[in-house]
1. What number comes out for accessible area per residue over segment 95-134 if the probe is 1.4 Å? Units Å², please.
2. Round to a whole number: what % of the accessible area of segment 12-160 belongs to carbon and sulfur, probe 1.4 Å?
3. Restricting to segment 1-121, what percent of DSSP beta bridges are antiparallel, rounded to 5?
4. Would you mind working out the magnitude of the charge dipole of segment 99-157 relative to its Cα centre, with +1 at each Lys and Arg C-beta and -1 at each Asp and Glu C-beta, to the nearest 20 Debye?
5. Among Trp130, Thr145, Ile113, whose Cα sits farthest toward the positive end of the charge dipole of segment 109-151 (+1 at Cβ of Lys/Arg, -1 at Cβ of Asp/Glu, about the Cα centre)?
6. Taking 22 Å as R0, compute the FRET efficiency from the Cβ-Cβ separation of Asp42 and Glu159 and round it to 0.05.
7. Once you order the gyration tensor axes a ≥ b ≥ c over the Cα atoms, which shape class does the chain get: rounded for a/c under 1.5, otherwise prolate or oblate by comparing a/b with b/c?
8. Take every Cα pair under 8 Å in segment 44-104 that's 6+ residues apart, average their separations, divide by the length, and report that relative contact order as a whole percent.
Amino acid sequence: MRPAATVIAVSSAVRIEPVLPKQLDTLLPMIAAYQRFYEADDIDEERNRAFFSRFLAPSDEGMLLGAWRGEELVGYACLYWHFTSLVPAETVLMNDLYVAEDRRGEGIGRALIDASAEVARKRGAHQLEWVTAPDNKTAQRLYDTTGAESEPSIEYELEL
């Protein structure tokens, strides 16, 4: 297992750090809000608790990063340790990135991306990657400022 990310200060009032087990109950409503944003069906808190617990620090499967203003959770990112066979190397997939609606525009999303990239660097990963919906233009404007390049890939899903 590799070391957890260090705490990253966005401003004097916001910090980003790995989510600890005692903070999961605070995070679960935000995960549900992210799922509602993407119109997920059948949002289930207990299923979310079981699934996302695997990413609590420290974890061999990924990491949950929380953005905190005091004791208030204002955003989160969920990272999966991932691989690419093209290089071949480890990559980090930022599967979820969410900022509370009333906190958008404060630089929290960018800070979560920067913190995620720092986690990936510390792991020795080849790249940080993420996907967004084609109609999520607000997120794309943020992503376009990071220096990341969009890929013209088409994503497929086979429900099982």
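The values are calculated or read from the model by the stated rules, or taken from the named source; none is laboratory data. Computed from a predicted model, the values in this text were never measured in an experiment. Counting neighbours? That spans all protein chains shown, and the Cβs are built from the backbone with ideal geometry, glycine included. Only protein heavy atoms, including side chains, enter the accessible area calculation; ligands, DNA and RNA are left aside. Shrake-Rupley method; radii C 1.70, N 1.55, O 1.52, S 1.80 Å.
1. Values: 2030 Å² over 40 residues.
On a per-residue basis, segment 95-134 sits at 51 Å².
2. Working: 4510 of 9000 Å².
Reported share for carbon and sulfur atoms: 50 percent.
3. Working: 26 of 26 bridges.
For segment 1-121, the DSSP antiparallel bridge percentage is about 100.
4. Working: 8 positive and 12 negative charges, 64 e Å.
Magnitude of the dipole: close to 300 debye.
5. It is Ile113.
6. Numbers: r = 13 Å, r/R0 = 0.61.
The calculated FRET efficiency here is 0.95.
7. Working: a/c = 1.17, a/b = 1.12, b/c = 1.05.
Taking the square roots of the gyration eigenvalues as a ≥ b ≥ c, the chain is rounded.
8. On the way: 85 pairs, mean separation 13.8, N = 61.
Result for segment 44-104 is 23 percent.
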